[in-house]
Structures are given as C-alpha cells and as structure tokens.
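Trainee: Once you've had a glance at the structure underneath, I'll fire off some questions.
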Amino acid sequence: MKTLSPLTALLLFLYLFSCNKREIEAPSVNFGYEYYPLEVGQFWEYEVDSIIYRPAIGGIRSDTFYSFLLEQVVDTFRDNTGLLNYRVEQFTRRGTDLPWQVRNVFTLSRNPTQAFRVEDNLRFLKMVFPPRPDRQWPGTNYFDEFTEVTVGGNQLQAFKGWESTILADKEPWAYGNLSFDEVLRIQIADFNTLIERREGEEYYVEDVGLVYKSLFIFDTQCQICCNGDCGDLEWEDRVEQGFQIEQRLIRYQ
C-alpha cells in the first residue's frame, strides 16, 4: 500500500478541514433590530398636522391642529414575563415658543421576533423581525380590533381591519433638515368600505426609529354629508366623524 508523505498528509488534512468549516458556517442574518432602537436618553421630536371631524349643528365640523410632539425614553423595567420595557414620556405643544405639556406615558419593547408599543393599555404589534418586504401581521394581535376610542366626543372603532404589511425597505425620505437614503415603509392599515376608511403608513430608519406616520380614520353614514347618497364623493367630502394625522420627524437623539 502506498503511503502519503508527512507534507502531503498535512496538506490533505488542511484542505478537508477548510472544506468542512465552510460547510458548517451559516450565513449571517440581519434581523433589523436597528429599525426599532431602544435606549434610555433617546428622544424624537415630530411636527404634527391633524384634523378632527365631528357632527355639528348644520353639518360637519372640522378642527385643524398644528403642533409638536416629543417622545423621550426615560427609564426601563421588566414586566412579569421578564421582557425589558422602555418607559417613554410624551409631551406636546402648539408652538416652539410655548412650554412642553405632559400628554401621556407609554412603553416600547421588543423581543427577538417582534416589537411592541403599549399605549392606553393597548399593545400594538409594530414590527416583526427580520422586517422583509411583503411580510404581514395583525397590528392589533394583542387586543380586540373592535375596541372603541373617543375622538371629538364620539366613539370610534379606530383599529378595525388593521393589518400591517412591509411595503419597501430601500426608499429615500427627507423633510426639513433631515434626509435618509433608506427607509422601511410599513402599511399599518388599508381597510375601506363605503362607510369606513382605515388607512395608515409608518416609515422607519435604521438607528433612528420612526420618522414619519400618516393615519386616516373616517366614518360616515352618508346622512349628514349627503342625504343618504355618498355616490362618488371623495372621503374628505363625505366623512362625518373621525380624524387624520400626519407626523414628521424634525429632531432626534
């Protein structure tokens, strides 16, 4: 039997070892946690345009608001499942020369596969990891989608039909002094009937978080607006109650 020289045997061993090593190495996976950054001291300031619609004597009343919204991560705690939660204080003001007023306190958190926002005792499923285009999930997975909220003195099922879908992850976005080459676009709702409209989108940027949000929550019975016949009217002309909001990031840390 022919034997191998020590040098040949060594080279053969190194070759087989390197091949085996390449076979067992798994490709690295980017789970996208950077789109939902969480750290004490972070803050996000937004410019907000909103309109509230409500029935009024003689027709529909629409109130337009321009304001600023500040959300700041101030503390952490673990819930009864051991999940680390980040406590966020929310402030609002109507002008840059006015003092901030406390508006709300909520929590943000994430586990290896999901990201959450718990506000007014409602746990929203904001994102799934890794966040790839066309992935879908129910944004109201952890509460009843028919939960009612009060808007303009009226009760609305604002979250009916909310189904989140990742639309794209490589689009640019800019506003004011901020610009980003790649944003993650998530459609948080796209539910429409003749008498209900639930539409919304959110944009996220790596190592920044939420940079843009739009939301349309409209209801109508086609009575006050148009005597029982909405016909081909645009939603803005037939809405009888609800709201719309556009939120744009202007400063962050």
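Every read-out reported here was derived from the displayed coordinates using simple, explicitly stated rules and does not represent laboratory data. For clarity, every value in this text was computed on a predicted model and none was experimentally measured. Note: ideal-geometry Cβ built from the backbone for every residue, glycine included; neighbour counts use all protein chains shown.
Trainee: Check Arg61: other-chain or 5+ apart residues with amide H under 5 Å from its amide H, H built from backbone geometry?
Mentor: Those qualifying (amide H under 5 Å, at least 5 residues apart or on another chain) are Arg54, Ala56.
Trainee: Give the Debye-formula value of log10 I(q)/I(0) at each listed q (0.12, 0.15 Å⁻¹), with one equal scatterer per alpha carbon of the chain, two decimals each.
Mentor: -0.80, -1.17
Trainee: Under the √(5λ) rule applied to the eigenvalues of the Cα gyration tensor, what semi-axes describe the equivalent ellipsoid of region 108-253? Give them in Å, descending.
Mentor: 29, 18, 14
Trainee: Can you compute 3J(HN,Hα) from phi for each residue in region 149-164, using the Karplus curve 6.51 cos²θ - 1.76 cosθ + 1.60 with θ = phi - 60°, rounded to whole Hz and x for Gly and Pro?
Mentor: In residue order, the calculated couplings are 10, 9, 10, x, x, 10, 8, 10, 8, 5, 9, 4, x, 5, 9, 8 Hz.
Trainee: Then there is this: In percent, how large is the relative contact order of the chain, given Cα pairs closer than 8 Å and 6 or more residues apart?
Mentor: Relative contact order for the chain comes out at 19 percent.
Trainee: Quick check: from the Cα gyration tensor, does region 123-185 come out rounded (a/c under 1.5), prolate or oblate?
Mentor: Because a/c hits 1.5 or more and a/b fails to exceed b/c, region 123-185 counts as oblate.
Trainee: Work out the length of the dipole vector of region 43-131 about its Cα centre, built from +1 on the beta-carbon of each Lys and Arg and -1 on the beta-carbon of each Asp and Glu, and round it to the nearest 20 debye.
Mentor: That gives a dipole near 280 debye.
Trainee: Related question: Expressed as an acute angle from 0 to 90° and rounded to the nearest 10, what is the orientation of the C-alpha long axis of helix 6-24 relative to the principal long axis of the chain?
Mentor: Between helix and principal axis, roughly 10 degrees.
Trainee: Exposed loop chymotrypsin sites (Phe, Trp or Tyr not before Pro) only (DSSP loop, at most 15 other Cβ atoms within 10 Å): please give the longest stretch of the chain free of them, not including the sites.
Mentor: So the longest stretch without any such site is 147-253.
Trainee: Here's another thing I want to ask about it. I need the phi-derived Karplus couplings for region 110-120: 6.51 cos²θ - 1.76 cosθ + 1.60, θ = phi - 60°, integer Hz, Gly and Pro marked x.
Mentor: 7, 10, x, 10, 9, 10, 10, 9, 10, 9, 6
Trainee: For region 60-74, just list the computed ³J(HN,Hα) in residue order, Karplus coefficients 6.51, -1.76 and 1.60, θ = phi - 60°, integers in Hz, with x standing in for Gly and Pro.
Mentor: Listing the rounded values in order: 10, 9, 10, 10, 9, 10, 10, 8, 10, 10, 10, 10, 10, 7, 10 Hz.
Trainee: Just add up the charged neighbours of Glu202: K/R +1, D/E -1, any other residue whose Cβ is under 10 Å from the Cβ of Glu202.
Mentor: Once all neighbours under 10 Å are counted, the net charge is +2.
Trainee: Another one. At 0.36 nm per residue, minus the direct Cα-Cα distance, what do Arg103 and Phe77 gain on full extension? Give it in nm, one decimal, please.
Mentor: 7.3 nm
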